[in-house]
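**Student:** This is the structure I want to talk about, given as structure tokens.
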Amino acid sequence: MQPLYVLGGAQRPIVKDDQQEWLLFEKAMIVLLDPESGATQVCLTHESPLEARAGEQSSVLFKSGAIAGDRLYACTSTEVLIYQVPEFKQLTYLSLPFFNDLHHVSVTPHGTLMLAVTGLDMVAEISVSGELLHTWSALGEDDGWRPPAADTDYRKIPTLKPYRAHPNYVFWAQDEPWVSRGDLGDAICLNDKRRRIDLGTKECIHDGWKSAGRLYVTSVDGHLIVVDEERLTVEERIDLNAIGDAEKVGFSWCRGALPVDERRVWVGFTRIRQTRWKEKIKWIKHLALGFPRPTSLALYDIVDRRLLQEINLEPAGMHATFGAVPAPANAVSGERATPSPGYAKA
């Protein structure tokens, strides 16, 4: 099975119960995962320079990215980085004043970059050199939204929450740009907002992946939503919490989907901690009766509804993940990879 790059971050050694999530993580990480052996390998860590974040304690972690050829596209809350893989040679570094809580960077069919600028409830298109080409509101047409002010450095604002739309994942469908809206439970076409996919959930929609005419999207409460790209309708909603033994698996924050084929899908999970993320985890009504699931990547058979494999990422030092992207076959280096103690395979 193809190796994967998992994007996320490492938590600070000491976390207070009421600590805000924008202060939780000390460095961004990319981990190479070999599904065949269960081995994990830290490819790189990254700490944002002070000029590109609100303060010394601001969280640094990689959000959702993309891969095209030998280019891996990654973003932190205030930066976009492009690496040549598998060497992880940094090719491009961008940090623009309107970057606030970026959640996803993707590559358009014409080679530009699309960004979910979650802090500003917008999507932006930029060139690889950092030129701002276009902005879209993630809200309705007459919502009072305005483009970012040219004289404001939004990177220096710790948070702009609460968001009204919470754009999370940018994708192309039917030759048009779309974005998922976490707090509105849908996805909209940016060029015609009357075109909308109702994803059928009241919980926060997060990351996804488009493959073979289908869009695979996660919601934070542990559901995988499969959308038919041609019809722009939901094919099925799969409750991952009902697959396997919940008492053994535990409960966690679900983000990120990567299909292997029409049957198997990788899904990312982040350990739930007692912080002020509580407004987003009210769905865990029985958390006190269970336990937090470790930060991990799990492989599901969505046809037979089986958990096939799960790899714990915490032994590699990763405490939050926003999902994974395919890695080249030559990325695995046996002498450097170390088996994960959390490796489990059905």
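**Student:** Working only within the stretch 219-235, note down all residues that are under 21 Å from residue 253 (Cα atoms) and either in a loop (DSSP other than H, G, I, E, B) or modelled with pLDDT under 95 (or both).
**Tutor:** Once the filter is applied, which keeps residues that are under 21 Å from residue 253 (Cα atoms) and either in a loop (DSSP other than H, G, I, E, B) or modelled with pLDDT under 95 (or both), the stretch 219-235 yields 219, 220, 221, 222, 223.
**Student:** Does any residue of the stretch 104-112 turn out to be under 21 Å from the mean Cα position of the chain (by Cα) and closer than 19 Å to residue 184 by Cβ?
**Tutor:** Yes, the stretch 104-112 has at least one match.
**Student:** Output the number of residues of the stretch 299-322 satisfying the condition of being without any contact (Cβ under 8 Å) to a residue 40 or more places away in the chain and among the aliphatic types (A, V, I, L, M).
**Tutor:** Number satisfying all stated conditions: 0.
**Student:** I'd like to verify a number: residues in the stretch 64-86 that are in a loop (DSSP other than H, G, I, E, B), surrounded by fewer than 20 Cβ atoms within 10 Å (Cβ to Cβ) and without any contact (Cβ under 8 Å) to a residue 40 or more places away in the chain, how many?
**Tutor:** Residues in the stretch 64-86 being in a loop (DSSP other than H, G, I, E, B), surrounded by fewer than 20 Cβ atoms within 10 Å (Cβ to Cβ) and without any contact (Cβ under 8 Å) to a residue 40 or more places away in the chain: 1 in total.
**Student:** State whether the residues of the stretch 108-122 include one that is of a type in the set (Ser, Thr, Tyr) and within 20 Å of residue 207 (Cβ to Cβ).
**Tutor:** Yes, the stretch 108-122 contains a residue that is of a type in the set (Ser, Thr, Tyr) and within 20 Å of residue 207 (Cβ to Cβ).
**Student:** Still on this structure, please answer the following. Which residue pairs have Cβ atoms under 6 Å apart, sit 6 or more places apart or on different chains, and have a first residue in the stretch 27-45 that is surrounded by fewer than 21 Cβ atoms within 10 Å (Cβ to Cβ) and a second that is assigned to a loop (DSSP other than H, G, I, E, B) and of a type outside the set (A, V, I, L, M, F, W, C)?
**Tutor:** Final answer for the pair search is 27/47; 38/340; 38/343; 41/336.
The rows are residues; the columns are (1) closer than 24 Å to residue 11 by Cβ; (2) assigned to a loop (DSSP other than H, G, I, E, B).
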residue: 51; (1), (2): yes, no
residue: 59; (1), (2): yes, yes
residue: 62; (1), (2): yes, yes
residue: 98; (1), (2): no, yes
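**Student:** While we're looking at this one, here's another question. Give the stretch 211-237 a look and list any residue that's farther than 17 Å from residue 198 by Cβ and surrounded by fewer than 19 Cβ atoms within 10 Å (Cβ to Cβ), or say none.
**Tutor:** 211, 212, 213
To keep it simple, each residue is scored yes or no on (1) modelled with pLDDT under 95; (2) more than 26 Å from residue 55 (Cα to Cα).
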residue	(1), (2)
116	no, no
136	no, yes
163	yes, no
205	yes, yes
212	yes, yes
215	no, yes
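**Student:** Mind checking whether some residue in the stretch 276-288 is at pLDDT 90 or above and crowded, with 16+ Cβ neighbours inside 10 Å?
**Tutor:** no
**Student:** Oh, and also: Would you tally the residues in the stretch 87-103 being more than 15 Å from residue 60 (Cβ to Cβ) and either of a type in the set (Gly, Ala, Ser) or surrounded by fewer than 18 Cβ atoms within 10 Å (Cβ to Cβ) (or both)?
**Tutor:** Within the stretch 87-103, the subset more than 15 Å from residue 60 (Cβ to Cβ) is 87-92, 94, 96-98.
Filter again for either of a type in the set (Gly, Ala, Ser) or surrounded by fewer than 18 Cβ atoms within 10 Å (Cβ to Cβ) (or both), leaving 87-92, 97.
Of the residues in that region, 7 qualify.
**Student:** Looking at (1) free of Cβ contacts under 8 Å to residues at least 12 places away in the same chain; (2) in contact with a Cys (Cβ under 8 Å, 6 or more places away or on another chain), which is the one condition that is false for residue 194?
**Tutor:** Against the list (1) free of Cβ contacts under 8 Å to residues at least 12 places away in the same chain; (2) in contact with a Cys (Cβ under 8 Å, 6 or more places away or on another chain), residue 194 comes up short only on (2).
**Student:** Another question, then. Report the residue count in the stretch 100-123 for those that are small (Gly, Ala, Ser), over 23 Å from residue 29 (Cβ atoms) and not in a loop (DSSP other than H, G, I, E, B).
**Tutor:** Residues meeting the conditions: 0.
**Student:** Separate question: Which of the residues belonging to the stretch 167-219 are within 21 Å of residue 262 (Cα to Cα) and among the aromatic types (Phe, Trp, Tyr)?
**Tutor:** Those that are within 21 Å of residue 262 (Cα to Cα) and among the aromatic types (Phe, Trp, Tyr): 169, 171, 172, 209, 216.
**Student:** Do the conditions hold for residue 159, that is, is it under 20 Å from the mean Cα position of the chain (by Cα) and over 19 Å from residue 102 (Cα atoms)?
**Tutor:** No: the conditions fail for residue 159.
**Student:** Turning to a different aspect of this structure: Could you check, for the stretch 104-112, whether at least one of its residues is at pLDDT 95 or above, within 20 Å of residue 163 (Cα to Cα) and not polar (S, T, N, Q)?
**Tutor:** Yes - at least one qualifying residue is present in the stretch 104-112.
The values are calculated or read from the model by the stated rules, or taken from the named source; none is laboratory data. Fair warning: this is a prediction, and the values are worked out from it, not measured in the lab. Virtual Cβ from ideal backbone geometry, glycine too; neighbours counted across all protein chains shown.
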